[in-house]
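Taking it in order: structure first as C-alpha cells, then the write-up.
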Amino acid sequence: MQLGKGDVLVIEGIHGLNDKLSYSLPKESKFKIYISALTQLSIDEHNPLPTTDGRLIRRIVRDARTRGTSAAGTISMWDSVRRGEEKNIFPFQEAADAMFNSALIYEMAVLKTYCQPQLYAIDPSMEQYAEANRLLKLLDYVLPMPTEDIANNSLVREFIGGGCFGL
C-alpha cells in the first residue's frame with residue numbers, strides 16, 4: 001500500500017499498538033491510541049467492580065448479538081482472550097501516545113438487561129455455571145436501565161445494537 005502525502009492510515013485492533021505491524025512507517029509519523037474499559041464503579045466502599053468483569057459482560061452481550069455465541073461459549077473462551085491480551089496488548093499499551101477510557105458510568109445498568117437472561121440460561125450442570133452465578137450476583141448490585149433513552153451514538157450501542165455506526 002502506498003500512502004499519499006496527506007493520507008492517514010488507521011490501524012485498529014488487537015495488534016494496532018505492536019510496531020511489528022507498522023515497522024515500515026517512521027516512528028514520528030505514528031500516533032498510537034490505546035482504548036480500554038477501565039470501570040470506575042464500586043460495589044461498596046471496599047469492593048470495586050472489576051474492570052475484567054465489566055469487559056466480560058460487554059463481550060457476553062456483544063457475542064450473543066453479533067456472533068450467536070452463548071454466554072457459556074463466551075465464558076469458555078475468556079481465558080484464551082485474557083492470554084491474548086497478556087501477549088498482544090498489555091506489553092504495548094504504555095507505548096501509546098494517548099489513552100481513552102471507554103467505560104461508561106451507566107453501561108452495567110444497560111448491559112444487565114441483556115446479560116442476565118443469557119447467564120440464567122447456563123445450566124447448573126455446566127462447567128461455566130460457577131462463573132455465570134458469580135456474574136449474576138455482581139449484576140444484582142445494579143438496577144437495570146431501559147435502553148430506549150440511550151443515544152444512538154453511545155458506545156454502549158456497540159454491544160447492544162441500534163447505534164448509528166452500524167456495528
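The values are calculated or read from the model by the stated rules, or taken from the named source; none is laboratory data. What you are looking at is a predicted structure, and each value in this text was computed from that prediction instead of being measured. Glycine also receives a Cβ, built like all others from the backbone with ideal geometry; neighbour counts cover every protein chain displayed. Accessible surface areas use protein heavy atoms only, side chains included; no ligands, DNA or RNA. Shrake-Rupley method; radii C 1.70, N 1.55, O 1.52, S 1.80 Å.
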Practice problem: With the checklist (1) under 15 Å from the mean Cα position of the chain (by Cα); (2) touching a residue at least 12 places away in the same chain (Cβ under 8 Å); (3) more than 14 Å from ARG58 (Cβ to Cβ) in hand, flag the one item GLU107 doesn't pass. | Solution: (3)
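Quick one: in segment 6-20, which of the residues that are modelled with pLDDT of 85 or more, over 21 Å from ARG82 (Cβ atoms) and not β-branched (Val, Ile, Thr) is surrounded by the most Cβ atoms within 10 Å (Cβ to Cβ)? Give the steps one after another, and end with the answer.
Taking segment 6-20 and keeping what is modelled with pLDDT of 85 or more, we get 6-8, 10, 17-20.
Those left that are additionally over 21 Å from ARG82 (Cβ atoms): 6-8, 10, 19-20.
Narrowing the set further to residues that are not β-branched (Val, Ile, Thr) leaves 6-7, 19-20.
Numbers: GLY6: 5, ASP7: 8, ASP19: 13, LYS20: 7.
Taking the candidates together, the pick is ASP19.
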Practice problem: Output the residues belonging to segment 98-108 that are of a type outside the set (S, T, N, Q) and open to solvent by 20 Å² or more (accessible area, probe 1.4 Å). | Solution: ALA98, MET99, PHE100, ALA103, LEU104, ILE105, TYR106
Exercise. Would you check which residues across segment 109-160 are surrounded by 15 or more Cβ atoms within 10 Å (Cβ to Cβ) and closer than 17 Å to TRP78 by Cα and list them?
Key: CYS115, GLN118, LEU119, ILE122, MET126, GLN128, TYR129, GLU131, ALA132, LEU135, LEU136, PHE159
Quiz prompt | Odd one out for GLY162, checked against (1) within 19 Å of the chain's Cα centre (by Cα); (2) small (Gly, Ala, Ser); (3) within 21 Å of ASN47 (Cα to Cα) | solution = (3)
Practice problem: Report, by residue number, each residue of segment 65-97 that is open to solvent by less than 60 Å² (accessible area, probe 1.4 Å) and at pLDDT 95 or above. | Solution: THR69, ALA71, ALA72, GLY73, THR74, ILE75, TRP78
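Look through segment 46-58, keep the residues that are without any contact (Cβ under 8 Å) to a residue 40 or more places away in the chain and part of a helix (DSSP H, G or I), and return whichever of them is farthest from the chain's Cα centre (by Cα). I'd like the intermediate steps shown before the answer.
Looking only at segment 46-58, we keep the residues that are without any contact (Cβ under 8 Å) to a residue 40 or more places away in the chain, and these are 46-48, 50, 52, 55.
Cutting the leftovers down to part of a helix (DSSP H, G or I) gives us 52, 55.
Working: THR52: 9, ARG55: 4 Å.
Among those that are without any contact (Cβ under 8 Å) to a residue 40 or more places away in the chain and part of a helix (DSSP H, G or I), it is THR52.
Filter segment 62-95 for residues that are basic (Lys, Arg) and more than 22 Å from LYS30 (Cβ to Cβ) and give the result.
At the first step, the residues of segment 62-95 found to be basic (Lys, Arg) are 62, 65, 67, 82-83, 87.
Selection gives ARG62, ARG65, ARG67, ARG82, ARG83.
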Exercise. Look at segment 21-44 and say how many of its residues are hydrophobic (A, V, I, L, M, F, W, C), outside any loop (DSSP other than H, G, I, E, B) and modelled with pLDDT under 85.
Key: 1
Quiz item: Restricted to segment 21-63, and to residues that are open to solvent by 50 Å² or more (accessible area, probe 1.4 Å) and among the hydroxyl-bearing types (Ser, Thr, Tyr), which residue is nearest to MET108 (Cα to Cα)?
Solution: SER42
